[in-house]
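Undergrad: Right, I'll just put the structure down here and ask away after.
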Ligand code: KG4
Ligand code: ZN
């Protein structure tokens, strides 16, 4: 039997610089350098700063990935990178660097769709981590982060169809904007998660947009606006720590109920028995718990991405790239460019 291919994957689509070395289904290394601190000062990701930071961090992160995997660049059999969607300048840094490396090494190069890669992260498990494809089942996958919120029917490896997506704000954006209105630092999602633990989710009644609509789309800007008007009319609530915890729990409950209801409804409608979830918001404890309870009640299998793999990382890019290389011929290395608005089919 020949040894599995050694593949280096690079991810720079937003504010995480990551590189991973993949050997078949195994993840040999997956360092991630987050820029959250840098952007916190500005209350959101600043594209120009993100690109500069990727430029500064990419080579050290690649060196760390190679060192932790115990391989040299010359031993690589293939190189992959996120091709889109994402911030143009940020994508360019990782994609063009990966192309250049593949060109110099004269090895196959593969560009992958960032959203498609998210579909693979829930299947990465264990220590040392590996993609557990033996456990794969057709599923409905919830991708939920600061930049995206979508439901995807994953019928098989490399076979998927987008069922619905957000019409406006992503769920993570809603967490962040609602938190900002409450005076919480960016990104507010983790802080709301923490404060909500001491709050009453039924204290305040916020809307559940599109929850009962017969489609798989989401909309969160109305919820954010209702938080804005509610706080305008009740500014005194922000002066009390207990009320802030209640606000966090109530906003979080509204977001989670919509996400869980629509995910489970799509799964039932399609006759599937497996739900998966990934993206930064999947770190949320109440969401993980609500999905676990809803799936257990229906006898569905649930695969949540491990916390460290919920946010953007190169391991998921590499696992997808490896499956692609196993099935289809690589593209001519210099012919491809970034695809900033590459929609998943
Ligand atoms: O996947 P990610 O790191 O980046 C992209 O947006 O692509 O996701 C970041 C988002 C932010 O909106 C952040 O507030 C949210 O995920 N987030 C959370 C939690 N951890 C991160 N939202 C709610 N609860 C959390 N524990
Ligand atoms: Zn992502």
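Computed from the coordinates by the stated procedures, all read-outs in this text should not be read as laboratory data. Not measured: the values here are computed from a predicted model. In this analysis, Cβ positions are derived from the backbone assuming ideal geometry, glycine residues included, and neighbour counts consider all displayed protein chains.
Undergrad: How many percent of all Cα-Cα pairs in region 73-126 sit more than 13 Å apart?
TA: 62
Undergrad: Hey, if you drop one equal point scatterer on each alpha-carbon of region 144-261 and run the Debye formula without solvent, what base-10 log of I(q)/I(0) do you get at q = 0.11, 0.14, 0.18, 0.20 Å⁻¹?
TA: -0.37, -0.57, -0.87, -1.03
Undergrad: Let me ask something additional. Could you please tell me the mean projected area of the C-alpha convex hull for the chain, averaged over all directions and given in square nanometres to one decimal? Write down the numbers at each step before the final one.
TA: Working: hull surface 69.2 nm².
Averaging across all directions leaves 17.3 nm² for the Cα convex hull.
Undergrad: Any chance you could tell me what percent of the C-alpha pair distances in region 227-345 go past 17 Å?
TA: Numbers: 5004 of 7021 pairs.
Cα-Cα pairs of region 227-345 separated by over 17 Å account for 71 percent.
Undergrad: Sort 107-120, 160-173, 227-240 by the packing proxy (mean of other Cβ within 10 Å over each peptide's residues), most packed first.
TA: Values: 107-120: 24.4, 160-173: 19.5, 227-240: 12.7.
Put in order of decreasing packing, that is 107-120, 160-173, 227-240.
Undergrad: So, one more: Could you work out the helix-only [θ] at 222 nm for the chain, with each DSSP H run of four or more residues adding -39,500 (n - 2.57) and the total divided by the number of residues, to the nearest 500 deg cm²/dmol?
TA: -13500 deg cm²/dmol
Undergrad: Ok, one more. Rounded to whole Å and sorted largest first, list the principal axis extents of the Cα atoms in region 1-129.
TA: In descending order, the Cα extents are 52, 34, 26 Å.
Undergrad: Here is a follow-up. Where both residues lie in the chain, what percent of DSSP beta bridges are antiparallel, nearest 5?
TA: Working: 28 of 46 bridges.
Of all bridge pairs located within the chain, approximately 60 percent are antiparallel.
Undergrad: Along Cα→Cβ, 7 Å out, is where each label goes; now give me the distance between the ones at residue 340 and residue 293 in nm to one decimal.
TA: 4.3
Undergrad: When you count, for each residue, the other Cβ atoms within 10 Å and take the mean per peptide, how do 131-140, 14-23, 283-292 rank with the highest first? Write down the numbers at each step before the final one.
TA: Working: 131-140: 17.0, 14-23: 27.3, 283-292: 18.7.
Descending mean neighbour count gives 14-23, 283-292, 131-140.
Undergrad: Name the most mobile residue of 12, 72, 276, meaning the one with the largest mean-square fluctuation, in a Gaussian network model of the chain with Cα contacts below 10 Å.
TA: Evaluated over the chain, the most mobile residue of the options is 72.
Undergrad: Let me ask something else about it. Got the relative contact order for region 97-236 handy, in percent, Cα pairs under 8 Å and 6 or more residues apart?
TA: Details: 166 pairs, mean separation 23.8, N = 140.
Worked out over region 97-236, it gives 17 percent.
Undergrad: Round to a whole angstrom and tell me the spacing of the C-alpha centers of region 137-187 and region 53-85.
TA: About 27 Å separates the Cα centre of region 137-187 from the one of region 53-85.
Undergrad: Right, something else. Over the chain, with a Gaussian network built from C-alpha contacts below 10 Å, which listed residue (275, 104, 62) shows the highest mean-square fluctuation?
TA: Ranking 275, 104, 62 by mean-square fluctuation puts 104 first.
Undergrad: Between residue 202 and residue 167, how high is the FRET efficiency from 1/(1 + (r/R0)^6) when r is the Cβ-Cβ distance and R₀ = 25 Å? Nearest 0.05.
TA: The pair residue 202/residue 167 has a calculated efficiency of 0.40.
Undergrad: Can I ask one more? Pairs of Cα atoms under 8 Å, at least six residues apart: use those to get the relative contact order of the chain, whole percent. Let's see the in-between values first.
TA: Details: 748 pairs, mean separation 82.8, N = 345.
In percent, rounded to a whole number, it is 24.
Undergrad: Can you work out the FRET efficiency for the pair residue 234 and residue 77, with r the C-beta to C-beta distance and R0 = 56 Å, to the nearest 0.05?
TA: Details: r = 60 Å, r/R0 = 1.07.
Once rounded, the FRET efficiency stands at 0.40.
Undergrad: In whole percent, what relative contact order does region 137-305 give with Cα contacts below 8 Å and a gap of six or more residues? Walk me through the numbers before you get to the answer.
TA: Working: 326 pairs, mean separation 47.1, N = 169.
It rounds to 28 percent for region 137-305.
Undergrad: Given springs between every Cα pair under 10 Å in a Gaussian network model of the chain, which of 127, 221, 250 has the largest fluctuation?
TA: 127
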